[in-house]
Structures are given as C-alpha cells and as structure tokens.
1. If I ask for residues that are open to solvent by less than 20 Å² (accessible area, probe 1.4 Å) and touching a Gly at 6+ places or on another chain (Cβ under 6 Å), which ones from segment 556-574 would you list?
2. With respect to the numbered conditions (1) in a helix (DSSP H, G or I); (2) open to solvent by 20 Å² or more (accessible area, probe 1.4 Å); (3) among the charged types (D, E, K, R); (4) away from the ligand (no atom under 13 Å from the Cβ), which one is the sole condition not fulfilled by Glu57?
3. Could you run through segment 482-503 and say how many residues are within 12 Å of Tyr453 (Cα to Cα) and of a type in the set (Val, Ile, Thr)?
4. Kindly indicate which of Ala357, Ala352, Ala364 is of a type in the set (A, V, I, L, M, F, W, C), farther than 30 Å from Ala27 by Cβ and open to solvent by 10 Å² or more (accessible area, probe 1.4 Å).
5. Going by the conditions given, is Gln213 closer than 25 Å to Asn43 by Cα, open to solvent by 50 Å² or more (accessible area, probe 1.4 Å) and either of a type in the set (Gly, Ala, Ser) or in contact (Cβ under 8 Å) with a residue 40 or more places away in the chain (or both)?
6. Scan segment 367-377 for residues that are under 21 Å from the mean Cα position of the chain (by Cα) and open to solvent by less than 70 Å² (accessible area, probe 1.4 Å) and jot them down.
7. Take the residues of segment 170-188 that are of a type in the set (Gly, Ala, Ser) and within 14 Å of the ligand (Cβ to nearest atom): which is farthest from Asn43 (Cα to Cα)?
Amino acid sequence: MPKPWTTNEIRQTFLDFFKKHHHAIVASSSLVPSNDPTLLFVNAGMVQFKDVFLGVESRSYTRAATVQKCMRVSGKHNDLENVGPSPRHHTFFEMLGNFSFGDYFKKEAIPMAYDLMVNGYGLDPARLYYTIYPDDQESFDIWSKDLGINPDRIFRMEGNFWRMADVGPCGPNSEIIYDRGPEGCTCGDPNCSIELDNDCDRWLEVWNLVFMQFSQEASGEMTPLPKPGVDTGMGLERLVSVIQDKPDNYQTDLFTPIFEKLKALLGHTDEHFAEHLVGYRVIADHTRAATFLIADGVLPGNVGRDYVLRLILRRALRYGKMIGFTGPFIAEVARVVIEQMGGHYTELRERADFIIAALQREEAAFQQTLDRGIMLLDELIGDLRKRGSTVIPGERAFQLYSTFGFPYDLINDVAKEHGLTIDRQAYDRAMLEEKTRSKAASSFNVDTWIEHYRRMASELPTSEFLGYDYEHLREVPVQVLAIIDPETGERLEQGAEGSAIDLLLNRTPFYAESGGQVADTGVIETEYGRAIVEDVQKPIPNVIVHRARIVSGTIRRGENARATVDVERRWDVMRNHTATHLLHRALRTVLGEHAQQRGSLVAPGYLRFDFNHLQKLTDEELAAIEREVNEHILNDLPVGADETSLDEARQRGAMMLFGEKYGDTVRMVSIDDQPQAQRVYSRELCGGTHVRQTGQIGPMLITNEQSISQGVRRIVALTGHAAEEYIASQKQLLQAIGRQLGVQEPEKIKERVEQLQEERNQLARQLQALQSELLRKQLETALKDAQQVDNISVLAVQVNAGNVEQMREMSDWLRDKLGTAFVVLGAVLNGKVLLTAAATRDVVARGISAGKVVQQIAKIVGGSGGGRPDFAQAGGPDAPKLPEALAKVAALVEEQVGSASRVS
Ligand code: SER
C-alpha cells in the first residue's frame, strides 16, 4: 500500500534519489524560455538543456535532475481545451526529470527509473506496464532480461517517439504506465488495453524516458546528435495522484486547498462542488498558471505570451461567473497558490503583492466587458439557432474580439459548448484587414529595405565591430567593400556628391542600432570623398550597413577610407547606457524584482526605460531610485564586459530579457560593487557600449515617470551633459524667479512665495467683503424699482452675478425684504442670458407660477426654461433682449392674477 505522502515529500524524494546517483540538482528555469524563439513557454524539463543535447553548449556536469515549471497551452503540446473536463490535464504543471548529456544511456536510465518507482515510491509492480518504440530491442531486453519483467507487460508502440517541437532534439522513448484497474476504465471498450492507445484513463502514462538520439531539422531531415543522451519527464500531479491513491490529479493535496477556498468563498456544499466540478478545475488550474506566469514577468496583454495569460485568466473568470461568483475572486485563489507553492518556488512569495495587484486589475477590466460580451454572444447564438445555422460568422466573432476584448479561443470555447463552430478563415481575414488598416504605410520603407538585404545575404561582406574599444573611434583605417543603393538594393561601383548610399566596410567603429541603443553617427572619408554617416543598421547578423550621404567628392568601392565616430555623442550614449543598467538594478532593489525591463531607448540626449510595475511611483520611490543610482555613480565602480557561454552567464546571475534571442556566445556587462571582494552589483546580457567607470556618467536625474500601458511604466532620465544642462537651466530659472520676487538667495523663494500667497488670500477676502457690500447696495437700489401689482411687489431687474447660485441668493434676499413678492433677476454671463424667478408662498397661493412666467420671458431671449411655482430658472442666447424680457414681467404677473381670480 503506498504511503500517504505529501506532494512536497514526493518532489524531494525524486531530487534526493538522483542526487544519490551523482546528478547535479538544477533549479527550474523561468516559464519564459530565455533563448528559444521556437517556443512560447517552457513545456518540458529538457527545454533549458536543449542546446546541451544539440551539442552547441556544454555544462560543468553531465547528469542533472530538475523539477521544472511547465506550461502547455500552445504549439505542439497544447492541453487547454482538455483542462476542466479531463481529470488529468493542466496548463501549468511541474515536471520531474533526470537528464544525461552523453553520460549514461538506456542501460542505466531504465533500471534507475524502475528502482525509484518500486523501491523509492513503493508502487506495486503488479500495476506497472511498459511501452517501447517498436524496433527498440535494447530497451526491450533491459526491461525483460535485466529487470526480469514479464515480456507480456512490455508493449511496442508506434507513437513512442518524442519530439520537443517541429525542430530540435528527439528520439525513441519508453514509458512506465500505471494501471488504475478496471474501475478506472473510461473508454468503455470491452477489450480495453494499453495497445488500443485510446487515451483511456485506466492506463496512466506516468514516466516518459526519452533516449535523445537525433536532431529534427526544419528541412524535415533527422541528423544524429553528437552524443546521445537521456531526457526523462514525469508529471508531478499525476505521480502524486498515483502515490496518494486518488482517482484524479485534482483530488490530491495540490488542488484540494484551492477547492476548499473556492467552496468557502461561494458558500458551496459538496453537492454544489460536484455539480460545478469542471468550473472548479478550470479556475484552480488557470489561477495556478496565471500566478506562476506573472511571477515570471508575463502580464495580460494582446500578443504572444501576454495574450495566452489574458486568455486563460478570462477563461477562469468566465467559469467563475458560471459557478456563482458575482464579484472578484481570482486574487483570493492566487493567495492560496502562493501560500502553498511559495516554499519551493520562492519567487511567488517575493512577488506576491505584484501578482495579486496584476490579477485584480485584469479581473476588474474584464468584468466590465464580460457582461456585455456574453450577452451579445448569447444573442448571436440565439439568432443562429433560429436560422438553423451552426457556424458563427468570422466577422461577428472578430467584432467581439475587437470591441469587447473577447479572445478567439474564449469565443471558440463558448461556441463549442453550444455545438457551434466559428468561421476561422473569415475571422482571420477580418483580423488581417484591421491590421493592414492600422499599420497603413508606416513601416513599408524599413521592411523593403531589410528585404533587399535578406535577398543578398549570401553575397554580402560581414564587418568586424571595433567600437567597444574607446581608442578606436577616430580615424580608423577601413576599406569600402560594397556600396548599395538604399532605394533599389542595387550594388554600385561608386557614389557621387549629394547621393545617399549604404556603405559596407571590412571593419567599423560605428555601432549599429540594437538593444535600444541608437546608432553612432560620424564621417567616412576617402582620398576623394567624404560621407556623413546618418544611421547604422544590422539588417542581418554581422552585416553592418552605414547609411550615409556623400557631402563632397566621390566614394568608390574597394577604396581605403578613414572612419570617425562622433565621439562626444557616443560618450553621451554610453553614459546613458550604463546608467540604464544602474537604473534597472535600482528599480528592482527599490520596487521589487518584478520591475523587469520591458523596453529601453538609449539616446545621446536622454534614456527611456519601460518596466513592469502596476502603480504610479511615489515621489519617495523616485527619490530613492535616483539616490541609489547616483550613489553607485559616485562610488566610481568599474564596468566590464566578458564574452561567455549563455549557460555560464545564466549561472553567474546575468539578467536576461524575455523574448530576446541570445546566441551561443553572449556578452555580459557587469558593474562590480566592491571590486576587491568581487561583488557584482549589476550583470546583464548586453551588446551595447558602456563607460569604463560609473563615475564617468555624471549626475543622473529622473525627469519623468508615467504609465504607457497596463502594468508598464516609463521613466525618462538624463545623465552627463544633459543632466548638467538641466540643472543649469533649473538654476537659472530659480535665479530669475528670485529676481522677480526680489529675493537674493533662492532658498528664500519659498518663504517669499508663501508670504505672497498669504497676502493674496488677504486681498481676496477683502475683495469678497467689498463685493458683498456692493451687491447689497445694488440690491437695495433695486428694491426701489419694485412695482405694485394687485398688492404684490413685482421686481424685475438686471444684476451682476457669476452664477445661478448667486442669483438665487439675491432673489431670496429681495423676496424676504419685499414681503409679498414676485422677483425676477436677469444676468448676462459669457454673452448668454440667465434668468431666475421667485415667488413668496402667499403669491404662489394666489395662483401665480414662477415657472410659467420664466417660460414666457425666456422665449423673448430665444431660450427656454421652467421650474416650480416658487422658484424657476431659464436661459437664452439673445443677451440684448434681456431688458425687453424683464419689462414684460409685471404684465405677465398681472395677467396671471387676473386669470386666477376669474377661475376662482
Ligand atoms: N521531454 C519528454 C517529455 O516532455 C521527457 O521529459 O515528456
């Protein structure tokens, strides 16, 4: 009987077992692959070792074991749609794996796996079966002869060949299958067996041992790997379900705490839970995935990884609604995940606040669109039903996406539930049309320019970049290897004065724009010609193109030349680049490790840096960041660059950017904190150019901080000359203000301004008192103009007032003074007429209505209005007619008195 182990014990036992067998225990890599453009997310334990298998990278060990965070939601291994209905599918999961890089092979891998399963985890051998690739006799012999397993338990299966993706390492595999017994059968086939290979839940593929032997090329060819190796993978969730003897993964201690939380939040009983099982599973799975993704720097968005995160979050939120949530819940669920998994994956605890805040934001944003979107989708589905159609028109689906942010897969999900499909082609067409519209002609030129170069790639000379060396920026002897017409891509023999040309040199001090750093500018001179370099680009790797304009003479292919970079400008750029690294480090120190780089521009005049962070930075945070950077500038730390392997850089803690492709050899820029003690302050992979010592940067000043998209903020900062100029101009400004205020020392300005404010307030108070006095006088004079109409004092005058409120106060005052009264005030404000009318209660009782009077006179000024019998207001555009309108009041009152008495 298996022991009732916890997940944590199962994880640890795996690592301990392989440690005992001399494996290096390697930490899980981020879910975002750091150097693999073929893959959206890490989807297997071997991903971080891909290049080691391919033989392009080597490590200090030849055996390793890991527990790897994995996601399978896109590409070759996509489990999204199964998550929920299936008892054993997940988007996020943990994979236990052991690896051999040219070290051991089948003969050791198979017995080790068996030993751990049977003796380590105590699984019953009577429940275990094995599959192998049909012609893998060696594995068959190891299972049957070396381990003495009955050949009846070993199955030869065509599908036992594992590929990471369409390209990459691959090889035959052997699997260990766990038999859940006849009661676990879900296929219902009377001949249910492993050989049917029909995905029946009875036969659980627990451990996959891949014998890496080939590399799958994009051409379709398979080439043998330099050294065959072993890559094994075992889904932790599934293993736990077997060891804990649970019928499905979701009943293990990995998920039950999440379900308990959901039940408590919803007030659900076990019956409710059973009824909404699919929703519970979707929410639990997707929240785990979202929590881990955000910790690894992914934020909900509309492209790539960000889109996937948004998609799964929205799927979870939609299910949340279906199972009974009416308010936000996802953050509460994430807290359970952080609590439960944060011991092993410390990044969850470190970034907990950020994760929670990011989830809350996305949930709030989606809530607004969800209700309307779902309503529209339901309507649409109802419509289709009536018409007997089963296909949602692509344009309509796209509209839901573009207007309500409903991801395609989410619409598809809902469609499927109703037995409908979406016209995908029409959807794609609509998407394409919109893209073309929004892009317009904007990037046409750049694209065609790069295309020219791609086509010529094989004929183009490459150039050596000399510009990391500060001594080789001026008058560098070079040779012109090619001249190209930038418009047509045509190869030229020469360029004449006034023309724009692309120049390719054998070597160059000019830095080509990349990694956010702008290109160098400068001049290239030959004996007979001089060209100004305006831009430098690398359209294809190692081909450096100088976009230049010939300002005098002629430049010919093959000539010797001298290249000179604008060194002052280059130094300003270098200051900003090194400052960018300091800023990146400081942001993570002050705000937290989540504040990772999202974008960067390093120009001569300023630097711009985009990073993950949800809130506006406070003044205190900005000041702390500025202080942290300037402190490390003042300490004049050495800046160094090493070329090294990607693996070593990773081991030495270099910061790498998500989505960035790094070659096998990378350049690592380090700023050492205490050179003697070899403590590294900042270390990033970077191809850019930097100062030698941080002291050369000069002051760093943050001049702006703002949001640029959800969860991404931008800082603009100045260094060196630009910072000095900024300080000087601020100083001048202060001096000028001081002079204007009549104070000598700028420190006194604040005091003086406060004094002036106080004086101003005093004056304002005096002014107000005078105005009230004036107003009272104005009103007292007005009182005299009251006419008597049938014992009612009727007053209609023009006053100076700033708003209706003031007019109301005036008319209240006048009404109280006059006793039985009807008061109409008119004022002209911004060229328009405002009218108020007020009647005392006894006047109203006599059937006179302020509302009616105002209605009548408003017409005269071309407007309208109305209100209650005791107070009404109106407006109109025709200011010159105001006196005429006021003059009409007495007659109207008289008329109303007359008609009222006739009625009574
Ligand atoms: N790469 C294989 C898998 O993912 C074994 O680790 O199944």
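The values are calculated or read from the model by the stated rules, or taken from the named source; none is laboratory data. Predicted, not measured: the structure shown is a model, and the values here were computed from it. Positions of Cβ are generated from backbone atoms using ideal geometry, with glycine treated the same way; all protein chains shown enter the neighbour counts. When the accessible area is computed, the model is the full protein with side chains, heavy atoms only, and any ligands, DNA or RNA have been set aside. Shrake-Rupley method; radii C 1.70, N 1.55, O 1.52, S 1.80 Å.
1. Taking segment 556-574 and keeping what is open to solvent by less than 20 Å² (accessible area, probe 1.4 Å), we get 561, 563, 565, 567, 570, 573-574.
Across segment 556-574, the qualifying residue is only Val565.
2. Just one mismatch for Glu57, condition (1).
3. Residues of segment 482-503 within 12 Å of Tyr453 (Cα to Cα): 484-491, 502.
Next, only the ones that are of a type in the set (Val, Ile, Thr) stay: 484, 488.
Residues in segment 482-503 being within 12 Å of Tyr453 (Cα to Cα) and of a type in the set (Val, Ile, Thr): 2 in total.
4. Ala364
5. Working: closer than 25 Å to Asn43 by Cα: yes; open to solvent by 50 Å² or more (accessible area, probe 1.4 Å): yes; either of a type in the set (Gly, Ala, Ser) or in contact (Cβ under 8 Å) with a residue 40 or more places away in the chain (or both): yes.
It is true that Gln213 is closer than 25 Å to Asn43 by Cα, open to solvent by 50 Å² or more (accessible area, probe 1.4 Å) and either of a type in the set (Gly, Ala, Ser) or in contact (Cβ under 8 Å) with a residue 40 or more places away in the chain (or both).
6. Once the filter is applied, which keeps residues that are under 21 Å from the mean Cα position of the chain (by Cα) and open to solvent by less than 70 Å² (accessible area, probe 1.4 Å), segment 367-377 yields Gln367, Thr369, Leu370.
7. Step one: of segment 170-188, the residues of a type in the set (Gly, Ala, Ser) are 171, 174, 181, 184, 188.
Subset that is within 14 Å of the ligand (Cβ to nearest atom): 171, 174.
Numbers: Gly171: 17, Ser174: 19 Å.
Only one residue fits best here, namely Ser174.
Here is a yes/no grid of residues against (1) out of contact with any helix residue (DSSP H, G or I) (no Cβ under 6 Å at 6 or more places or on another chain); (2) touching a residue at least 12 places away in the same chain (Cβ under 8 Å); (3) among the polar types (S, T, N, Q); (4) not in a helix (DSSP H, G or I):
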| site | (1), (2), (3), (4) |
| --- | --- |
| Ser682 | no, yes, yes, yes |
| Val691 | no, yes, no, yes |
| Pro699 | no, yes, no, yes |
| Ala722 | yes, yes, no, no |
| Leu733 | yes, no, no, no |
| Ala736 | yes, no, no, no |
| Gln744 | yes, no, yes, yes |
| Glu747 | yes, no, no, no |
